[in-house]
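Working notes for the structure below.
The values are calculated or read from the model by the stated rules, or taken from the named source; none is laboratory data. As the structure is a computational prediction, the values presented were derived from the model and not from experiment. All Cβ positions, glycine included, derive from the backbone under ideal geometry; neighbour counts span all protein chains shown. These area figures cover heavy atoms from the full protein model, side chains too; ligands, DNA and RNA do not enter into them. Shrake-Rupley method; radii C 1.70, N 1.55, O 1.52, S 1.80 Å.
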Amino acid sequence: KQLCKCPSSGQEDVNKAVQSAREAFKSWSQLSGLERGRLLQKAALKLRERQEEFARMESVDQGKPLWESRFDIETVIDGLEYFAGLAPSITGLSLVFAISRSQ
C-alpha cells in the first residue's frame, strides 16, 4: 500500500523552504508565550481527534505494530500538551538580557 508520493527536490526547493521558514518565524516570534501555548494545545487536540488515523499511517510507514504506533502518537500529544503548558512562562527576556550584557 502506497502512503504518499514525494517529488524530488533541488536547491531551488530548499531555498524556497528556508525562505518560507524565515517568513513564518517573523510572525511566530511576535506571538506571546500564551498565544504559542494556545496554538500548541490546538495542535495536540487536532492530533488527538485523529490519533487512530495517524497511528495507522505510522504503522504502514514504519512497519511497526499498531500498539507501538498508538503509543508513539500519544507520546507526541503528551509533548505538545506539556510544552503548551510551559509556553506562557517562557519570555526569553532573561536570555536576551544575558546575551546583550555579555557583548
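Of the residues GLU23, GLU12, GLU53, which exhibits the maximal mean-square fluctuation in a Gaussian network model of the chain defined by a 10 Å Cα contact cut-off? Evaluated over the chain, the most mobile residue of the options is GLU12. Model label points for ARG50 and SER29, set 7 angstrom from Cα along the Cα-to-Cβ axis, are 3.0 nm apart.
Here the Karplus relation 6.51 cos²θ - 1.76 cosθ + 1.60, evaluated at θ = phi - 60°, turns the backbone of the stretch 25-37 into coupling constants of 4, 4, 6, 4, 6, 7, 6, 6, x, 4, 5, 5, x Hz, with x for every Gly and Pro. Considering only ALA43, PHE54, VAL18, and ranking their Cα positions along the charge dipole of the chain that arises from unit charges at the beta-carbon of Lys, Arg, Asp and Glu, the one farthest toward the positive end is VAL18.
Among the trypsin sites (Lys or Arg not before Pro) in the stretch 8-100, which ones are in a DSSP loop with at most 15 other Cβ atoms within 10 Å of the Cβ? Mind listing them?
Numbers: sites: LYS16, ARG22, LYS26, ARG36, ARG38, LYS42, LYS46, ARG48, ARG50, ARG56, ARG70; in loops: ARG50.
In loop regions of the stretch 8-100 (DSSP not H, G, I, E or B), the sparsely surrounded trypsin sites (Lys or Arg not before Pro) are ARG50.
Heavy atoms of the protein chains alone define the surface here; on that basis the chain has 81 Å² accessible area per residue at 1.4 Å probe size. A simple spin-label model places pseudo-atoms 7 Å from Cα toward Cβ; at VAL76 and LYS16 they are separated by 2.4 nm. Express the carbon and sulfur contribution to the solvent-accessible surface of the stretch 32-87 as a percent, rounded to the nearest whole number, probe 1.4 angstrom. Accessible surface attributable to carbon and sulfur in the stretch 32-87 totals 60 percent.
Size of the dipole of the chain about the Cα centre, Lys and Arg at +1 and Asp and Glu at -1 on the beta carbon, nothing else charged, in debye to 20?
Here the chain has a charge dipole of around 300 debye.
Look at [x] 167; [y] 159; [z] 122: the one that is volume of the Cα convex hull per residue in Å³ derived from this structure is [y]. Couplings for the stretch 68-74, taken from phi via the Karplus curve 6.51 cos²θ - 1.76 cosθ + 1.60 with θ = phi - 60°, read 6, 5, 4, 4, 4, 5, 4 Hz in order; Gly and Pro are left as x. For the chain, relative contact order (Cα pairs under 8 Å, six or more residues apart, normalised by length) works out to 35 percent.
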